[in-house]
Amino acid sequence: MECRVLSVQSHVVRGYVGNKSACFPLQVLGFEVDSINSVQFSNHTGYGHWKGQVLNADELQVLYEGLRLNQLMQYDYILTGYSRDESFLQRVVDMIQELRNINPKLVYVCDPVMGDHGSMYVPEVLLPVYKEKVVPIADILTPNQFEAELLTGRKITSEQDALEVMAELHDAGPHTVVITSSDLPSPRGPEYLVALGSQRTVCEDGSVRTQCVRMDVPREDAVFVGTGDLFAALLLAWTHTHPKDLKTACEKTVSTMHHVIKRTMAYARTVAVERRPTAAELELRMIQSKADIEGPSIVVEAQLI
């Protein structure tokens with residue numbers, strides 16, 4: 001059956017970030033994707049210059065009203081990413097609640113894009129909106145370590161801390177939480193970073209089962225943009241296929257990420273001989289990775305913890 005996603009994220013004319021990073025893999029995997037661009041920039045902000053526009057809440061409402069007037073309101077998933085305006089984010093929350101009234105089975109996948117490495121790159125006023133309004137209605141949440149700490153007010157210094165933070169986020173609303181990257185040491189050494197996930201499912205007898213996983217992901221010595229957006233889209237797709245098997249969904253998601261990043265890095269090295277690759281050279285090689293997106297070979301295994 002047709003499965004339709006509404007993706008509300010940033011957009012760039014050139015490169016792969018936000019909707020440009022999320023829509024193609026979802027379409028390759030068989031989803032119909034409708035997109036609303038929270039911002040429209042010439043390129044991502046990791047370049048020396050960028051130009052563009054930011055959609056405000058009133059402009060979002062105009063687009064949404066067009067969908068409503070034509071009765072184009074039936075969605076199976078909504079996916080949200082980067083937003084930097086409080087009223088815009090609040091309007092997104094209202095939209096999700098309206099869409100869920102139409103389809104009570106609507107699944108909301110939220111990438112709470114707020115910052116990384118100890119600093120926020122969106123206005124701080126968005127944090128209480130995420131904590132009080134967004135997280136309680138989300139089904140799947142994909143923060144990085146810093147964002148998970150912001151949402152719970154707790155520091156993560158160990159794997160046990162991470163498990164407790166994910167449990168707290170479960171209690172707030174989402175049944176699936178994946179911390180997409182962390183500063184925790186990997187047992188495989190410093191050339192790996194650690195990602196962790198937790199999923200609560202209700203069994204037939206009414207009991208609740210929690211599955212927790214850890215993934216040790218090979219690092220690359222470069223800064224990639226759009227990977228978080230790609231991760232959230234892939235996790236949406238693979239949890240749709242494996243709704244009660246977080247281990248398999250994470251393995252397919254992270255393995256696809258690995259293939260895309262390796263291909264991107266290989267390309268960058270061929271054009272940036274004896275120097276650091278530029279932001280343009282490190283744009284994700286998305287189109288070239290179509291086969292890996294469709295059927296990823298598992299190169300990163302998730303460990304049950």
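The values are calculated or read from the model by the stated rules, or taken from the named source; none is laboratory data. Just so it is clear, the model here is predicted, and its values are computed rather than measured. Cβ placement follows ideal geometry from the backbone for every residue including glycine, while neighbour counts extend to all protein chains displayed. Protein only, heavy atoms only, side chains kept; ligands, DNA and RNA dropped before computing areas. Shrake-Rupley method; radii C 1.70, N 1.55, O 1.52, S 1.80 Å.
Scaled to the compact-protein estimate 2.2 N^0.38 Å, what is the alpha-carbon radius of gyration of the range 57-125, rounded to two decimal places?
1.24
Would you kindly derive the ³J(HN,Hα) couplings of the range 207-219 from the backbone phi angles with the Karplus curve 6.51 cos²θ - 1.76 cosθ + 1.60 (θ = phi - 60°), listing them in order in whole Hz, with x for Gly and Pro?
With the stated coefficients, the range 207-219 comes to 6, 10, 10, 10, 10, 10, 9, 10, 10, 9, 9, x, 7 Hz.
Taking 0.36 nm per residue of separation and subtracting the Cα-Cα distance, what length does fully extending E294 through M120 add?
Going from the current span to full extension adds 59.3 nm.
In µm²/s, what is D for the chain at 10 °C and 1.306 mPa s, where D = kT/(6 pi eta Rh) by Stokes-Einstein and Rh is the Kirkwood radius from Cα pairs?
Answer from the Stokes-Einstein relation: 81 µm²/s.
Quick check for you: with a 1.4 Å probe and neighbouring chains kept, what is the accessible area per residue of the chain, in Å²?
For the chain, the solvent-accessible area averages 46 Å² per residue.
What number, in percent, do you get for the relative contact order of the range 131-194 if the mean sequence gap of Cα pairs under 8 Å and at least 6 apart is divided by its residue count?
Once normalised by length, the contact order is 39 percent.
Modelled label-to-label distance, Q71 and R4, 7 Å Cα→beta-carbon offset: nm?
Taking the two extended label points, one gets 1.2 nm.
Measure of size requested: the Rg and Dmax of the range 225-266, with Cα atoms as the atom set and Å as the unit; please supply both.
My reading of the Cα-based Rg and Dmax gives 10.6, 35 Å.
Over its Cα atoms, what ratio of radius of gyration to 2.2 N^0.38 Å does the range 206-305 give?
That ratio works out to 1.21.
With an 8 Å Cα cut-off and a minimum separation of 6 or more residues, compute the relative contact order for the range 34-88 in percent.
Taking the mean separation of contacting Cα pairs over the length of the range 34-88, I get 34 percent.
In whole Å, what are the Cα extents of the range 180-236 along the three principal axes, biggest one first?
Cα spread of the range 180-236 along its principal axes, largest to smallest: 48, 27, 13 Å.
Hey, can you grab everything whose amide H is under 5 Å from the amide H of S7? Only 5+ residues off in sequence or another chain; H modelled, so Pro and N-termini drop out.
Hits under the 5 Å cutoff: D34, S35, I36, L79.
Just to confirm a number: summing +1 for Lys and Arg and -1 for Asp and Glu over residues other than V223 whose beta-carbon lies under 14 angstrom from that of V223, what do you get?
Net charge around V223: -3.
For the range 114-129, just list the computed ³J(HN,Hα) in residue order, Karplus coefficients 6.51, -1.76 and 1.60, θ = phi - 60°, integers in Hz, with x standing in for Gly and Pro.
10, x, 6, 6, x, 9, 8, 10, 10, x, 4, 5, 6, 4, x, 5
What's the local net charge at T152, with K and R +1, D and E -1, over the other residues with C-beta under 15 Å away?
Within the 15 Å Cβ shell, the charges total -4.
Compare H49, H240 by solvent-accessible area with a 1.4 Å probe and give them largest first, with all protein chains kept in place.
H49, H240
Let me have the relative contact order for the chain, percent, based on Cα pairs under 8 Å that are six or more residues apart.
16 percent.
Go ahead and run the numbers for FRET between N103 and I287, Cβ-Cβ distance against an R0 of 35 Å, rounding to 0.05.
0.65
What is the range 36-162 by shape, rounded, prolate or oblate, if you read a ≥ b ≥ c off the alpha carbon gyration tensor as root eigenvalues and call it rounded for a/c under 1.5, prolate for a/b larger than b/c, and oblate otherwise?
oblate
Run the accessible area of the chain with a 1.4 Å probe and give the carbon-and-sulfur part as a rounded percent.
51
At q = 0.09, 0.12, 0.18 Å⁻¹, what log₁₀ I(q)/I(0) does a Debye calculation on the Cα points of the range 94-224 give, no solvent, two decimals?
One equal scatterer on each Cα of the range 94-224 leads to -0.28, -0.50, -1.03.
Please list 3J(HN,Hα) in residue order for the range 247-252, calculated via the Karplus relation 6.51 cos²θ - 1.76 cosθ + 1.60 where θ = phi - 60°; whole Hz, with x for glycine and proline.
So the J values, rounded to whole Hz, are 4, 5, 4, 5, 4, 5.
State the antiparallel share, in %, of DSSP beta bridges confined to the chain, rounding to the nearest 5.
55
Can you give the net charge of the other residues whose Cβ lies under 12 Å from the Cβ of H11, counting K and R as +1 and D and E as -1?
+1
On a 1.4 Å probe surface of the protein chains, which of K262, K155 comes out largest in accessible area, and what is the full order?
Most to least solvent-accessible, the answer reads K155, K262.
With all protein chains present and a 1.4 Å probe, how do T210, T157 order by accessible area, largest first?
If we order T210, T157 from most to least accessible, we get T157, T210.
Can you give the extra length, in nm with one decimal, that the chain gains between A272 and V208 once fully stretched, where that is 0.36 nm per residue apart less the Cα-Cα distance?
Gain on extension, A272 to V208, equals 17.9 nm.
Using unit Cβ charges (K, R positive; D, E negative) and no other charged atoms, how large, in debye to the nearest 20, is the dipole of the chain about its Cα centre?
Using Cβ point charges on Lys, Arg, Asp and Glu, the chain gives about 620 debye.
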